[in-house]
Amino acid sequence: MPTDTKRVRGPEVSQSPSLFDCRPSVVPPSHGARADGRQRDQVDVRPVFVRCGLVSQAKGSAYIEAGDTKLLCSVYGPRETERKDETDMKCGRLTTDMRFAPFSCPERGSWIQGSQDKNFSLMLQESLQPALCLHKYPRSQIEVNVMVLENSGSVQAHAITCASLALADAGIEMYDLVLGCSIRQDGSSYVVDPTYSEESNWSSSEHQGGLTVAFLPSLNQVSGLQSDGEMAEETLTAGIRTCIEGCYKLYPVIQQALVKAVRRAQPPPPES
Amino acid sequence: MSTTGGMFAVLKEKVGQVLVPGDEFCFGAEETISLSESAKPERAVCGPGLRRSGDRLVVMKSGVLRHKPPLTFWIDSQQKRYVATKGETVIGIVTARAGDTFRVDFGGSELASLSYLAFEGATKRNRPNVQVGDLVFAQFLIANKDMEPELVCIDGSGRANGMGAFGAGGLLIKVSLGLVRRLLAPNSDIRLDLEQLFPCELVVGMNGRVWVRASSVQQTLIVANLLQSCDTMTTQQRQQLFRRVQQGAL
Amino acid sequence: MSPTRLCVPGDKLCSVEDCILGTGVYLRHGYIYSSLAGYVLKKNEGEQLPVISVVRETEVQLLPDVGAIVTCKVTSINSRFAKVHILYVGSTPLKDLFRGTIRKEDVRATEKDKVEMHRSFRPGDIVLAKVISLGDVQSNYLLTTAENELGVVVAHSDAARAQMVPISWCEMQCPQTHTKEFRKVARVQPEYLEA
Amino acid sequence: MAAGFKTAEPLEYHMSFLKENCRPDGRELSEFRTTTLNIGSISTADGSALVKLGSTTVICGIKAELANPTVEAPGKGYIVPNVDLPPLCSSRFRPGPPGEQAQASSQFIADVIESSEIIKPEDLCIDRGKLCWVLYCDIMCLDYDGNILDACIIALLAALKNTRLPKVTVNKATCKPEIDLKERHELPVHKHPVGTSFCIFQDSILIVDPTADEESLSTSRLSVVTDEEERLCSLHKPGGTSLSAEKLQTCINRATARQREIQKLIEKVLNSVKAAQ
Amino acid sequence: MATVKVSEAEKVYILHGIRDDLRVDGRSCEDYRHMEVETDVVSNTDGSARVSLGHTAVLVGIKAEIGKPRPLVPDEGYLEFFVDCSANATPEFEGRGGEELGIELSNTLYRVFNNKNSIDLKGLCISAGEHCWVLYVDVLLLQCDGNLYDAISVAIKAALFNTKIPRVHMSSDDEGGKEVELSDDPFDCVRLSVENVPCIVTLCKVGHRHVVDATLQEKACSVASLIIAVTHRGTVTCVKKVGGGSLDPESIFEMTEAGKRVGKALHAPLMKLLQQEESLGKKREKVGFLG
Amino acid sequence: MEVSAPSNVSLREFGCEQSLLSRPDGSASFVQGDTSVMAGVYGPAEVKVSKEIYDRATLEVLVQPKVGLPSVRERSQEQCVRETCEEALLLTLHPRSSLTLVLQVLHDDGSLLSCCLNAACMALMDAGLPMSCLFCGVTCAISAYGQIITDPTSAQEKESRALMTFAIDSKERKVMMSSTKGSFSVHELQQCVAVSQRASERIFQFYRDSVRRRYSKSL
């Protein structure tokens, strides 16, 4: 790897202390109650805390906290498109950038964006785009930046929710909000909105998998879908239904946060 | 602080001396200075390298202070990069055509434009025979910091007056801007020395580009090399060199 | 329906038979939905049906559109056109940079072939202009000042950097040195003065 | 009127306020914006702090890793500070590797750490010549409204005060470290450097804690870092308009007062965090 | 990704055809175009395959190299994917365009293989924590005519089938250190079990229906596609929505169901073909590199 | 410990040559003892659209270390040199153009930043760019015994407990740039500034002599 000359450099190699942990690592149980007390095989999402308009410099922004997962999203634009082509003349462009703070995961991450981050950014873009009225923004681009401050699982799903909130806060015209939800399939049981350790520690049984869905609640459309691991087709469809249900659980919280942000920004207009 | 009238005396005293940026001269109440050429006799004209700041005259380039009676002062500096000035003639290279103009590189910070119509006898139908890559000798019609410079190959009365595209042959060399000014000065000693050596055609652009053509390629090269070495030599050294060339020693 | 109803994008507002579409809303399968987070506003404008819109704190004119009056700053000029940065659309400031071009032929309405750019604009001038086209892939927004009300509104003199006073439709004067400079001066209308 | 003036002629707009000894946001020339502090909110970091200076928001997370010390300094660990200005925090920053400002800020923080001896690299040594700690101090701006240097130093200092390193023992038989992630100890913080930044307008008007707009319109910037013993740890003025000795003294006096305020604030927040646990 | 311009009239024509289960090239909605598979086409790799599907052509080469196992899974080897979008395939790949698609495709491949059963990763381990086999799967797009995912997955399965990994022995030297020794005999090698390697089926939503193996024209009429990686047993190892549109939940369920059906059916003939080709050995008729 | 300022400022032997490179529009080498820096200036030249400033020239400064690639440290030095030059140059006289200053470190034996500043000033002058004043760099080290050493060598820098570099302008001898290492008292700072101001007199005289030598041929 070429040396990074644009940052203060440390030693060539350093290792995470967790590799030398003298205590045996605790594998979360694959049955019974979950580590944080939530219920298995039920649409038991973590309560979320959301807030709009925290970034003063951005056109719109949102912060979401679900358990220990913390994300911040800011929206800039519409601004002049940097690379222009024919389609930009009629339709705006949506760009997304999702990054992890180096201290956001149990293992320290690099400053340099890996291909994994690009994967997250791409799914974010494909999940948000169907909800945006991009034809209203010719010749311009709308930029969505997501920063993961702490990764305690289901970051992709929460990033989608957070970004759609920030877009609405920015006053970008949208057909609908976009909500995200993840589940983790573990053998015959599943957990909704998994934590980091539930995502990374697999018990040895067959049929393990993860699924993330982005959903437009008012239009009843799935704008993003991604899974990995192994799942029977029936499990997968059941999982999609569960995720949609999870999104509906989130919906009132997000609506209220947005309504609150509008009210805070401005008193109601006089009745005409 | 110098006394009234003494200010110009101080300035005149410094003529021929080397000044550096930040050196200042204070004006008295009666002394005025004009930035325009059309100065009244009692007003001082502020030439290149000098700038007026309130009641002071400030040096902004290093070089030798020069004076031309009655009251024109400027700094003679050995600068390599040319900055376009209205009315000056330069040698440029045509780099592109854009619409009905040529884009001309004259060694400044941006390309100058040169209209198809700014050649002697050119009309919308009768376009001048100038190709990309050709050299042109042209004059600045517009040159100020706010605008893209514009060149023309005609004078005020529509005549070429020596300007236009160069024909084949000849050699373009680059010399310092200081040398160019010495070459163009009336009764330039370098020019006189060269004339004595052998006959040659010399076109001098204010932008430090000189076009040379002598009777043979060999002679052209000798003239070019002599000119380029003039920059770093004293008068005696130069005369000595020219003598040796004349004697066929080089 | 309460007059101060709030909505978020995707909220179903009413049937298309009840209202006419205003701003911040869209039509889908015969119903009007909100496309913004804001207040729902119904206005009766003498028509049979009220106009329904969703409004936010700022006018959502986010982009310069054809026909819009924009305030811009001249950044560079050459003999064919002036380049500008668009600062305002109407009276709404733009947060991001948009570039525009005023071509020589769009400077004024009469004697178009006699226009000289440096006698019309200088870098740093604040100019009122109208958008005539969004331009194509290569070009920027195309603007015009070929109306009496359009042109330079604020300019600083070359000599003293003082703000100049318009003295005719084509000249401005420095209050300190009294030197005159040429500009395509706008006849300022009160409604744009605040910009 | 005001909004129009602000965008079209921003410098004139600011000067019209400064001439009246006040600023567009209502502050006096020597007044800081409200400073708020949140310590230890990131559980994945070994120490963390979030600082808000008006709208400017900066987060610092500290991660400790193990490495071999260098041959030249066998008894020292590493402190690796980096400042990131992601496109998230302002439209002035583009995606990609850090720009000049981020790089210069990183170097400035590195210099402050070294000059102030906030942490002694010797304290990070575990086994001389064999094993030491690397403290990665990653500082990220989340909302850029000027004066990030001051915010970065506060975030760094508070995060270091919050840092708990796990217990390490080197197994004599295998020569491999054994770590107990549950048993942690505090890091000795020797000094409490605090920065105070100024901007100079039109050669003479001095303002403290500039916003992003003020920074970009000013003719010079100056940062003074002092510790609790009133010693200067940095006098950083990267050029711009020159400054007289008297003005410089004014800046230093303001900086020492600020240091006391911030040290108190950090202690207060740390105590409330401890009380909550 | 490579795109074509389709006029409104063409769109309507294609849409109506698909509604009636009749596509422009005569196929029905769940039919593939003509597919050709050829293995062992590149000599300096440990396994290779070339697949063409309509005018889409991909080449996959696999190199097995000895590396260090990942710290978190010391007893397993691993796979690395790299997709090269050659500018030959379509001019749009020139510059950054190809790079972005390449990252997208390889990221998807990682997801498809991110499970315990596709490849026996434990079998790739040589000595736990020290040495393991790393399979570098290099995909080269030769020509783009739609449906890249399906063609790539078939080519990878074929190339893995064709891969021969040299047998290794662990020997200890005098000082107790361990060394890896490769077998000298070029025929002494291990083969991989590809039984559980999934194939990708891309379902393209056109109008109210979906089609398998869409051409570029059909793709231009669609707002979104679903890719589904299915094993021979019908287990799904990855689903992903691609494209800028959205899908309603019911059609997703229809599409996954169809994907499973089509994907499952793909495996048996493919395996048969591969085994047939293998049995021919050196005698088989070479079609040629770009045949 | 109280610092003691030397009664007369001692600087190492200085050397400077202007116009020694043919490609740049202005160049200079500056030598302070064994520390030596080569500076080249390009411009006013065409500016990239993204970097264009409508009412002034864009200045870029690049510091190239003796070996290896420039790192974060060089970026910080570049910022200090650039903002100092921007103040001295009359950039509004060349709007929408670019100026590039390249500083190549030839050898570092202490006081590197001040040598960079001095080389930069001589090169800008050589390029004939309009300037409102000159500037010079002075480095002061406070030794472990509390002595102020001007223009220290690398060895002296290493032993020092504080190190300060200032850029001083030629008009009023005020501080344009300041960059420090180590901790010090306010009094020590004042002493160092005073010493640097005195040192600057000698450096500006040296500048003047060097320029005079350069123009000796055309006098």
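Please treat every number below as a calculation from the coordinates, not as lab data. Just so it is clear, the structure is predicted and the values come from calculations on it, not from any experiment. Note: ideal-geometry Cβ built from the backbone for every residue, glycine included; neighbour counts use all protein chains shown.
What the table shows:
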{"quantity": "Kirkwood Rh, Cα atoms: Rg over Rh of region A:38-265", "calculated": "0.97"}
{"quantity": "Net charge of Cβ neighbours under 13 Å - reference A:Pro17; Lys, Arg +1; Asp, Glu -1", "calculated": "+1"}
{"quantity": "Cα-only radius of gyration and Dmax that characterise region A:45-133, units Å", "calculated": "15.4, 45"}
{"quantity": "Lysines whose Cα lies under 18 Å from that of D:Lys52, excluding same-chain neighbours fewer than 8 positions away", "calculated": "A:Lys70, D:Lys161, D:Lys264, D:Lys268"}
{"quantity": "Translational diffusion of region E:8-281, µm² s⁻¹ [Kirkwood Rh, Cα pairs; Stokes-Einstein; 10 °C; 1.306 mPa s]", "calculated": "80 µm²/s"}
{"quantity": "Stretch gain in nm, segment A:Gln42-A:Glu82, where the contour uses 0.36 nm per residue and the Cα spacing is subtracted", "calculated": "9.8 nm"}
{"quantity": "Inter-label distance, nm, simple model (7 Å from Cα along the C-beta direction), F:Leu11/B:Cys26", "calculated": "2.7 nm"}
{"quantity": "Distant alpha-carbon pairs in chain B (separation over 24 angstrom), percent", "calculated": "56 percent"}
{"quantity": "Scattering curve values for region D:22-276, log₁₀ I(q)/I(0), Debye with Cα scatterers, q = 0.14, 0.15 Å⁻¹", "calculated": "-0.95, -1.07"}
{"quantity": "Ranked F:Arg56, B:Arg244, D:Arg33, criterion: other C-beta atoms within 10 Å, fewest first", "calculated": "B:Arg244, F:Arg56, D:Arg33"}
{"quantity": "Alpha-carbon Rg/Rh ratio, for region B:171-246, with Rh computed the Kirkwood way", "calculated": "0.91"}
{"quantity": "Burial ordering of D:Leu29, E:Leu216, fewest other beta-carbon atoms within 10 Å first", "calculated": "D:Leu29, E:Leu216"}
{"quantity": "Sites D:Ala173 and E:Glu65 - FRET efficiency at Förster radius 45 Å, r taken between beta-carbons, to 0.05", "calculated": "0.85"}
{"quantity": "For region D:211-277, average projected area of the Cα convex hull in nm²", "calculated": "6.2 nm²"}
{"quantity": "Helix-derived mean residue ellipticity, 222 nm - over the protein assembly as shown, DSSP H n ≥ 4, -39500 (n - 2.57), to 500", "calculated": "-8000 deg cm²/dmol"}
{"quantity": "Region B:204-248 shape via C-alpha gyration tensor axes, a/c threshold 1.5", "calculated": "oblate"}
{"quantity": "Helix D:245-276 vs. chain D, principal-axis angle (Cα, 0 to 90°, nearest 10)", "calculated": "50 degrees"}
{"quantity": "Relative exposure of D:Phe198, C:Phe182, F:Phe204, judged by other C-beta atoms within 10 Å (fewest first)", "calculated": "C:Phe182, F:Phe204, D:Phe198"}
{"quantity": "Distant-in-sequence amide H partners of A:Thr69 (H built 1.01 Å from N, under 5 Å)", "calculated": "A:Ser152"}
{"quantity": "Whole-Hz couplings from phi, Karplus 6.51/-1.76/1.60, listed for region F:152-157; x for Gly and Pro", "calculated": "x, 7, 4, 4, 5, 4"}
{"quantity": "Most fluctuating residue given options E:Ala49, E:Ala258, E:Ala159, as computed from a GNM of chain E linking Cα atoms under 10 Å", "calculated": "E:Ala258"}
{"quantity": "When region B:89-165 is reduced to its Cα atoms, the Kirkwood hydrodynamic radius in Å", "calculated": "12.2 Å"}
{"quantity": "For D:Gln202, distant residues with modelled amide H under 5 Å away", "calculated": "D:Thr219"}
{"quantity": "Neighbourhood charge, 9 Å Cβ-Cβ cut-off, centred on E:Gly234 and excluding it, Lys, Arg +1 and Asp, Glu -1", "calculated": "+3"}
{"quantity": "Virtual spin-label span in nm between D:Lys268 and E:Arg19, 7 Å along Cα→Cβ", "calculated": "7.1 nm"}
{"quantity": "Dimensionless Rg/Rh of the protein assembly as shown - Kirkwood Rh, Rg from C-alpha atoms", "calculated": "0.99"}
{"quantity": "Whole-angstrom gap from region B:70-91 to region F:145-219, using each part's C-alpha centre", "calculated": "35 Å"}
{"quantity": "For chain F: span of alpha carbons on each principal axis (Å, largest first)", "calculated": "54, 42, 35"}
{"quantity": "20 Å Cα-Cα threshold exceeded, pairs from E:Lys122/E:Lys241; E:Lys11/E:Lys219; B:Lys86/F:Lys48; E:Lys5/E:Lys219; E:Lys157/E:Lys272", "calculated": "E:Lys122/E:Lys241; B:Lys86/F:Lys48"}
{"quantity": "Crossing angle, helix F:186-214 versus chain F [Cα axis fit, 0-90 degrees, rounded to tens]", "calculated": "40 degrees"}
{"quantity": "Between helix A:155-169 and chain A: long-axis angle, C-alpha atoms, 0 to 90°, nearest 10", "calculated": "20 degrees"}
{"quantity": "Calculated from backbone phi, Karplus (6.51, -1.76, 1.60) coupling profile of region A:216-225 in Hz, x at Gly/Pro", "calculated": "9, x, 6, 8, 6, 10, 9, 9, x, 8"}
{"quantity": "Amide hydrogen neighbours beyond the local backbone of F:Ala127, cut-off 5 Å, H modeled", "calculated": "F:Ser27"}
{"quantity": "DSSP bridge pairs, the protein assembly as shown: antiparallel proportion in percent, nearest 5", "calculated": "85 percent"}
{"quantity": "Residues of type aspartates and glutamates that C:Lys104 reaches as a straight line, Cα spacing below 19 Å, ignoring anything fewer than 8 places off in the same chain", "calculated": "B:Asp100, B:Asp146, B:Glu148, B:Glu150, C:Asp113, C:Glu116, C:Asp125, C:Asp136, C:Glu147, C:Glu149, C:Glu171, C:Glu181"}
